[in-house]
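Data block below; observations after.
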Amino acid sequence: MLIINCPYCGPRPELEFSYAGQAHVARPADPSATGDDEWTAYLYLRTNTRGVHAERWRHARGCARFFNALRDTTTDRFRRDLSER
Amino acid sequence: MADATIRRIVGLPTAAWLESPLPATRFILRGAPGARAAAGEGFGLSLPETACRAATDGNRAALWLGPDEQLLLAPDGEVEPIAASLARALQGHAYSLVDVSHRQVGIGIHGPRAEWLLESQCPLPLNLRDFPVGMCTRTVFGKAEIVVWRPAEQVFRLEVWRSFATYVAELLREVDRESIA
């Protein structure tokens, strides 16, 4: 089982977490003024990184907080030192 | 009712005791540090600010569940006085206080085998080094979400949502039965 470092609770088993997708995807500030292409990109287009990926996790069955983490998608290793609130 | 099927105190063959349901007054408090400090004064004990730790005073306890979320426990039947004193203490703060007394069922596990029984279905290490006395956290037990708290070395207190209570209690009993087979 993966051990994921929650920035609030410390290292915890993967079972307690839920994945919440790529990090730093900002919602357009004014959706009604946003064109179809930009909105489509916001909704659906993700990077599919091979290597270190910035992503969001939620410690759903723990403190219930979202946080950002860096994970290498080829090895599944987390950069434990870089989990941020 | 889920807890009607759980017998009150059940002696398990392997020297662990299961005690359920544990009626209690339960609140979930959410708020910023200022609100938590004020709530501590209203509740009568200072709420734990350290992650995964519980604070107790007499028969009241506050369990850290998240950075802005606390589970307040008190004896059964004290909902009104506690809600009133917290509302007074929290005047002027932004907060959320929800009475969850009947949402959850308390299960107590006592004895030298308590740690072992829980570890059978819980992914966290529950030995004294990793889960010392006074630690509490939300986690999973089998397929159910639970809050587990260790008020003493050989005592664990679970808080389980009522629809999962029978599942958790029966699973504990099943593990216990299998372990002596």
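Which trypsin sites (Lys or Arg not before Pro) in segment A:1-73 sit in a loop by DSSP (not H, G, I, E or B) and have at most 16 other Cβ atoms within 10 Å of their own Cβ?
Sites meeting the loop and neighbour criteria: A:46, A:50.
For segment B:2-180, place one equal point scatterer on every Cα, skip the solvent, and apply the Debye formula. What is log10 of I(q)/I(0) at q = 0.16, 0.19 Å⁻¹?
At q = 0.16, 0.19 Å⁻¹ the computed log10 ratios are -0.93, -1.24.
Let me have the relative contact order for segment A:3-82, percent, based on Cα pairs under 8 Å that are six or more residues apart.
30
Scan segment B:74-181 for trypsin sites (Lys or Arg not before Pro) in coil per DSSP, keeping those whose Cβ has at most 12 other Cβ atoms within 10 Å, and list them by number.
Loop-located and lightly packed - B:129, B:143.
Under the rule of at least 5 residues apart or a separate chain, name every residue whose amide H is placed under 5 Å from the amide H of residue A:73.
Long-range HN contacts for residue A:73: A:51, A:52, A:53.
What are the ³J(HN,Hα) values, in whole Hz, obtained from phi via the Karplus relation 6.51 cos²θ - 1.76 cosθ + 1.60 with θ = phi - 60°, for each residue of segment A:7-15 in sequence order, with x given for Gly and Pro?
So the Karplus estimates, Gly and Pro as x, are x, 9, 9, x, x, 9, x, 3, 3 Hz.
Need one word for the protein assembly as shown: rounded, prolate or oblate. Basis is the Cα gyration tensor (sqrt eigenvalues a ≥ b ≥ c); a/c below 1.5 gives rounded, then a/b vs b/c decides.
Since a/c reaches 1.5 but b/c is at least a/b, the shape of the protein assembly as shown is classed as oblate.
Hey, what number do you get for the protein assembly as shown at 222 nm if only DSSP H runs of n ≥ 4 count, each worth -39500 (n - 2.57), divided across all residues, to the nearest 500?
Only helices count here, giving -6500 deg cm²/dmol.
Per residue of segment B:42-51, what does 6.51 cos²θ - 1.76 cosθ + 1.60 with θ = phi - 60° give for ³J(HN,Hα)? Whole Hz please, x for Gly and Pro, Karplus curve as stated.
The phi angles translate into x, 8, x, 8, 7, 5, x, 9, 7, 4 Hz.
Please report, in debye to the nearest 20, how large the charge dipole of chain A is about its Cα centre when each Lys and Arg carries +1 at its beta carbon and each Asp and Glu carries -1 there.
Roughly 440 debye for chain A.
So what J values fall out for segment A:20-27 if you push phi through Karplus, 6.51 cos²θ - 1.76 cosθ + 1.60 with θ = phi - 60°, rounded to Hz, Gly and Pro as x?
10, x, 4, 7, 6, 8, 8, 6
Order by neighbour count: B:85, B:163, fewest other Cβ atoms within 10 Å first, most last.
Fewest-to-most Cβ neighbours within 10 Å comes out as B:163, B:85.
Which number do you get for Rg(Cα) / (2.2 N^0.38 Å) in chain A?
Normalised Cα radius of gyration, chain A: 1.23.
Readers should treat all values here as calculations from the given coordinates under stated rules, not as data from a laboratory. Here the structure is a predicted model, which means the values were calculated and not measured. Please note: Cβ atoms are built from the backbone with ideal geometry, for glycine as well, and neighbour counts cover all protein chains shown.
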